[in-house]
Structure formats: C-alpha cells, structure tokens
1. If ligands, DNA and RNA are left out, what is the accessible area of C243 with a 1.4 Å probe, given in Å² to the nearest 10?
2. What does the charge count near G41 come to, summing +1 for each Lys or Arg and -1 for each Asp or Glu among other residues with Cβ under 9 Å from its Cβ?
3. Between L13 and K409, what is the FRET efficiency for a Förster distance of 60 Å, r being their Cβ-Cβ separation, to the nearest 0.05?
4. Counting only the backbone N, which residues of the stretch 532-562 are under 13 Å from the spot 7 Å out from the Cα of D584 toward its beta-carbon?
5. Using 0.36 nm times the number of residues separating E118 and S162, minus their current alpha carbon distance, what extension gain do you get?
6. What is the spin-label model distance, in nm, from Q301 to D146 if the labels are put 7 Å beyond Cα along the C-beta direction?
7. What nm value, rounded to one decimal, do you get for the distance between V6 and A662 when each label is placed 7 Å out toward the C-beta?
8. Specify whether the C-alpha gyration tensor of the stretch 480-519 places it in the rounded, prolate or oblate class, a ≥ b ≥ c being the square roots of the eigenvalues: rounded for a/c under 1.5, otherwise prolate if a/b is larger than b/c and oblate if not.
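The values are calculated or read from the model by the stated rules, or taken from the named source; none is laboratory data. Predicted model only: the values in this text are computed from it and were never measured. Cβ coordinates were reconstructed from backbone atoms using ideal geometry, including for glycine residues, and neighbour counts include every protein chain displayed. Accessible surface areas use protein heavy atoms only, side chains included; no ligands, DNA or RNA. Shrake-Rupley method; radii C 1.70, N 1.55, O 1.52, S 1.80 Å.
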Amino acid sequence: YIKQVVKLPHDLLRVLVEGLERSELVGLEQEDPFLMAETVGVEEDGAQYGRSLREAMYRSIRELFQRYCLESGRISKDLAAKILNIQNLEELVSQISVNVPLSYQNQQKILEALTLEEQYEVLAAILTNEIEVLHNTADTAEEYRDKLKELQASKEVRDKISKEIDRFKSMNSSAAESSVLSTYIETLLDLPWDKKSEDSMDLEEAWKILEDGHYGLKDVKERIMEFLAVRKLTSGGKSPILCLVGPPGTGKTSVAKSVAEALHKKYVRICLGGVRDEAEIRGHRKTYVGAMPGRITVALQQAGVSNPLMLLDEIDKTSSDYKGDTSAALLEVLDPEQNSRFNDHYVEVPQDLSEVLFIATANDMEGIPRPLLDRMEVIEVSGYTENEKEHIAREHLIPKQLEVNGIPKGKLTIQPAALRKMITLYTREAGVRGLERTIGRICRKAAREIMENGQDKVVVNTKNLDTFLGKSRYSYLMANKKDEVGIARGLAWTQVGGDTLQIEVNVMPGKGELVLTGQLGDVMKESAMAGISYIRSVADQYDIKQEFFQENDIHVHIPEGAVPKDGPSAGITMATAMLSAIIDRKVRADVAMTGEITLRGRVLPIGGLKEKLLAAKYARIKQVLVPKENKPDIQEIDAEILDGLKISYVDNMKEVLHEALAK
Ligand code: ADP
C-alpha cells in the first residue's frame, strides 16, 4: 500500500510503498506502459518451532545485530535500541532485514527465503559476513596507521592521510568507493615526501664517471662539469634545468644517467613523447573513474626519494590539445617559484619538487614550447663521425654487448674492416643505437655458435659479415658517379640527424608552369618560386630567351627517401638544379650545398650545419657550399668532421653557380 508520494524534478515521482504480503512471481502479463504480473501468494510458514529453537534463533540473531551495530556504526543508537527491544522473533528478523543497509542481491535472498528458519539462516549468514568484512577493514586501517607512524612527512600530509584512514574505516568495505580510497591511501603512504638521499659533491669522481662511460662528447662533458661545479658552489641551490638536444642514439640518456651516478642520485625517467593530455602530467581527480596520479608522481614513487634526478625524455614531443595544456603543466613542474608545491590532482596534497634535479632531452629544439625553452640551458649533442662510431663501438658497445650476451673475453673478434662495414652499410644514423643493436645480433649469433657448435672462437670479417647480419641494408646514397644536368645535391637537417637530398629538375615544353612534386613543404615551395624569380631576373646573363618561361614547364622533384624538415635551406640547391636544366649545363656530382636564397640571389645562413656536414662526409661529397654568414659556425666544428671536406663560402648565387656548375 502507498505510504508516500514525492514529486521530483524532470517529471519524476518517487513512491514509497509497503508490502502487505509475500508473493511469488508466476509470469509477466504486461510490460508496457507498466509492469503487471501474475503472482501467487506465499502461504504462511505453517511450521511450528519448538520453544528452545525459537529462543536460540532469537538470541543469536540479536547478538549478531548488536555486534554489527557496534562495529559498523551505521545504525543510529536509537534505532538499534528499539530493534534490540523487540521480543517477537519474526518481528526482529524482519526489522533487521529492513534496517541494515544491504545490497539488492542480499535483499532478494532474504525475500526468497520462505520459512522463518530459512530467513534466519540467510540473515545470520549475511550479518556474519558483513561483520567479517568490517573486521578486515579495521585490520587494513590499523596497517595504514602503522605505516603512517613511520612516514617522514609534513604535518599537512600526515593530517590528510590520517583523515582519509578514518574515512576508510567508517566505510562499507564492499563498496567500490572503499577500494578507490584504499588505493589512494596506499599511494600517499608510498610517496617519498621528506625522504631524501644524500648527494655527492665529488667533482673528480663525477669527471671520471662521465669520462669512463662515454667516448668523445668533449663539449658536453665540459658543460656538465661546469654545471656540477656551480651546483657545488651554490650547495645544490636552484640550478638551471639542463636540456640535451640532439639526434637519437647520441648518448643523451646515457649522459644523464652518468650525472645521476656522479651525484649519487636516484635516477628516474619519464617519457613525454606523445603526451597530449595535461592529466598525464598532473593526474586525474579522484572522482574520475579509473583516476590515477600523473607521471611526475609515479616517477617520485618509483624513485622512493624526493630528490632524484628526473629525466624528462623527448620534451619536444609533447603536444597540447583540447584536454588542456601539457606545456603549462610542465612549466609548473619546472618553475622553482611554483614547484615546491606541485599539485597533482589525484594526490591533492602539494608535493615538493624543488629538490628534484631535472634534465630534459629533445631531438629538435624547435619542438620545445618557447616558455619551457626559456627555463632551460641547452646543451647540443651532435651526430658522430664514422671514426667516433668506431671508437664508441670498440670501447663501449662491444664490451657491453659481450657481457650482456655472456660471451667470455677473447671468444669473439670483430675485425676493424667488418666494423667499418657495419657502420656504413648496415646502419644509417647519426647516433649509435642501430650500431649497438647490430653488434648485439652478432653477439647472439656468436653465442650460439660457441654453445651449440662447440666453436672455440668466432671471428667476424668482411667476408662472413653477411652470414651474421644478412645482406647489407643500405647502399649509401653516395655522391653521384658523374656530373649531370638538372640534378643538384642539397643537405638537409632532420630530427634524426643530417642527410643529403637530391633535387631533380626537368624542363619540358608547356605553358610556363612550375610543377613541384615529392617531399616539399610550403616553405620549400616558396623558395623554389624565389629561385625561379631570381633566374628570370638574370636570364639575359645566361642567354635564356624571355619566351622560354612562357613556353616551357619546369618540374622540380625531391625523391621520397630523405624526409627533410620543411625549411628554406634547399633554396640555392633548387635554383642551381633549375638553372642547370634550363641552360643545359651539368652540375658537379661531388659538390653539395645548403643555403637560403633571396629574390635577388643573395645567400642567407642556415642551421644544423654540423649534422649536414656529417651527412656530406658519409655520402663521400668532396666540396660543400656554405653561406658566408655561417663561417663562425664552421669554426666551432671539430676538425675531424671537416677533415677531407673542402668548404667554400658563398654570398650570392653567382658564386654558387661558379662552384657548382661543371666547367
Ligand atoms: P639518446 O638518449 O641520445 O637517444 P642513448 O643515451 O640511449 O641515446 O644512447 C644509445 C646507446 O649508445 C647507449 O647504449 C649509450 O650508452 C651508447 N652511447 C651513445 N653515445 C656514446 C658515447 N659517446 N660513448 C659511449 N657510448 C655511447
């Protein structure tokens, strides 16, 4: 019968009804617009129970209920007293069933129990279980309390955790909410808060570690040592954030690890590549389903101390989208004014990041958001020459791989010529990651020969190299064998190092169109147009008839292969290839060039010179045309890279053509 009707917003009614009798559902007669069912009334439990049985049931259910009230604290004192005063067994069972908060499944179980004895049994089992679960919760809460006692943390943090433990204790532990809360408490207890490791300030040891771990990288090591010296002088104070920028596999991560080792700091790495959602850095609020702390917090948890060295890998590969600004979140992490109270949405209590030593890495400086870049001190790491790679392999990669693969000293020899072939024909990279992998493959093959075939010693030479590695993967895009018309060699900078790129131009009868195909970005297209404008402006010097440009199409193509960054630095190369095709004069095959072109044929400076020169060297180019304004950059480049390359400085297209066109 209806006891109460409440009108709710959105045309909803809430109706409170009281059941008059128990019935069994036989079948549904109607589902729409409301359910109607055929039911059969359940007969009263006719069983007669003996006095002693009734008494036993009464006592035991009353006691269970009393314990439940005490331990859960979820039934008000008044109500509990009222229920405990009930003398009639049936009445007691039904009042407990109604007033103890139970899941629907449990309520249904009680409803389905037909006899008094069955009802008693079901209810007693449910209550016993609830009490047991409550006990568990109490145990876990005790454990948390013990851990909290040991925790080194501020009062703010301790108070917060203590409050959450109280909340956890008073919760029904079968609820999903309680498991969320326990995960949360465990996370808080697991964070390092005030736990720190002691830094070493031994500069001599630091130098030794850097030196022992890495071949070359002279500038990088020196910059790091300066950084460590300043840190020592300011006793750890607010040191700038270092950012190592360079192609993959050039030792950035490995240098950062050495810094951690030198300072006796714990090392943790966060890979930021592809992070788009601010919450990955700052965490999700707990109310969010599947909420998790952000990566900074997780890294601290991993480190186990609040002053680790944290490597922010690939900081140039984060992006921002509708989900909030990742770079703003990172800025907060890195800002010494703010990071002593870093707020992770999940953690809720501020964490102190001021003693974390951050080092970032990036492939491309341009990919780093400006405000972040302003906070960092950039150290450039460049690609290696073949000679450097050989040294790195001999002194570091081969010994490391031998050890990893359990090959005893002297059992495997890679001859110098074979190693050089591995560098030039089996890998193609600025760094040495691929080379390390290739060495690893050889070691694994050799390990099998030694183990399975009982071979005593394995020697890898140029003849048997392909039995270890298969056919070589790269036939280097070498300097062309002979000079050709309409083909000029440019130098490109990509995120993974330098590369040469060949620009091809065809001229054919047409309507004066400039057709551009292949790997061209917008800026490249513009410089192609600037090139053609320049050529038209000097047409008479090369005896090109003005009608030429109305009667012919010029097709400029950059073959796929290399994926250069869009930029203006192919300007003079395109102009050279076009002019060569138009006036039918060959371009020298052993020359490569880089430089931006203006409409008047001036040559403007470009970036990425070191990587570009390395690429030229790999391609066996003999002469490189470089913008005059880049002269100071050349002076900073290692003699080893310049060795064997003739550098010609060019100021205008006339000089470019003078050097590049075959005599
Ligand atoms: P990055 O972080 O720049 O991508 P890594 O630090 O992962 O590169 O380097 C790749 C591998 O090459 C590592 O095993 C590293 O130890 C090794 N390596 C790179 N540069 C050098 C070097 N100059 N001397 C010795 N080992 C090096």
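1. Here the residue's solvent-accessible area equals roughly 0 Å².
2. -2
3. The value I calculate is 0.10.
4. 544-545
5. Numbers: separation 44, 0.36 × 44 = 15.84 nm, distance 4.26 nm.
Extra length from E118 to S162 when fully extended: 11.6 nm.
6. It works out to 2.2 nm between the two label points.
7. 9.4
8. Note, shape of the stretch 480-519 comes out oblate.
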